[in-house]
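Working notes, beginning with the structure itself.
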Amino acid sequence: MNSESREFSTKVLIFLSISFMAHLILNAVIGVPIFQHQIIHSYTINAALAVGIFWGLTSLKTKYSNQIGFMFLASSFIKFFVFFMVFYSPYKADGKIVFLEFVSFFIPYTICLILETYFLSKQLNQM
C-alpha cells in the first residue's frame, strides 16, 4: 500500500469513526436502538469499498490516466449494486424505507464519497 492509500485509509477510519460515534449518540438521544438499521454493516461496507476502490484507482492511475474518471464513475455503480444487494431488501422489508434507514446508509456513503473525490482529485492534479 502506497503512502497516498495509507493516508486515505487513515482519514476514512478517523472520519467514519467520529461519524459512527456521533450517529450512535444521536440514536440514543432520540430514543431509538443505537445499532438498528444495519448501521455497523453500513459503516464497515462503505469503508471497505472506499478503501478498495481508492487503492484500485491509485494503482491504475498511471497506466489508465485518461480513463480514471470513467473508472471512478464505474465505482459508484459498484457501490449502488452493493447497496441494492445488501441493504435494500432489509430496508424495504416493511414496505417502506424510513428516514433513519436512509441516513444509516447515506451518511457513511457521503463521507466516503467526499473523501474519495478529494484525495483522488488531489492525486490527479499532481500528475
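Every number in this text was worked out from the coordinates using simple rules, so none of it is lab data. The structure presented is a predicted model; accordingly, all values stated were derived computationally and were not measured. Glycine gets a Cβ as well: all are built from the backbone with ideal geometry, and neighbour counts include every protein chain shown.
Whole-Hz Karplus values for region 64-75 come out as 10, 4, 6, 9, 4, x, 5, 5, 5, 4, 4, 5 Hz, taken residue by residue from phi with 6.51 cos²θ - 1.76 cosθ + 1.60 and θ = phi - 60°; glycine and proline positions read x. Considering only HIS23, ASN46, LEU57, and ranking their Cα positions along the charge dipole of the chain that arises from unit charges at the beta-carbon of Lys, Arg, Asp and Glu, the one farthest toward the positive end is LEU57.
Size of the dipole of the chain about the Cα centre, Lys and Arg at +1 and Asp and Glu at -1 on the beta carbon, nothing else charged, in debye to 20? Intermediate results must be reported in sequence, preceding the final value.
Numbers: 8 positive and 5 negative charges, 48 e Å.
Using only the charged Cβ atoms, the result is roughly 220 debye.
Quote the relative contact order of region 26-127 in percent (integer), defining contacts as alpha-carbon pairs under 8 Å separated by 6+ residues.
45
Of the peptides 111-123, 46-58, 63-75, the ranking by mean beta-carbon count within 10 Å, highest at the top, reads 46-58, 111-123, 63-75. Phi angles across region 37-42 convert, under the Karplus curve 6.51 cos²θ - 1.76 cosθ + 1.60 with θ = phi - 60°, into 3J(HN,Hα) values of 6, 6, 5, 5, 4, 4 Hz, Gly and Pro given as x. With all projection directions averaged, the alpha carbon convex hull of the chain covers 8.0 nm².
What translational diffusion coefficient, in µm²/s and rounded to a whole number, does the Stokes-Einstein relation yield for region 59-108 at 4 °C and a viscosity of 1.567 mPa s, taking the hydrodynamic radius as the Kirkwood radius over Cα pairs? Before the final figure, lay out the partial values.
On the way: Rh = 12.8 Å.
Rounded to a whole number, D works out at 101 µm²/s.
Helix 99-125 axis versus longest C-alpha principal axis of the chain: approximately 10°, rounded to the nearest ten.
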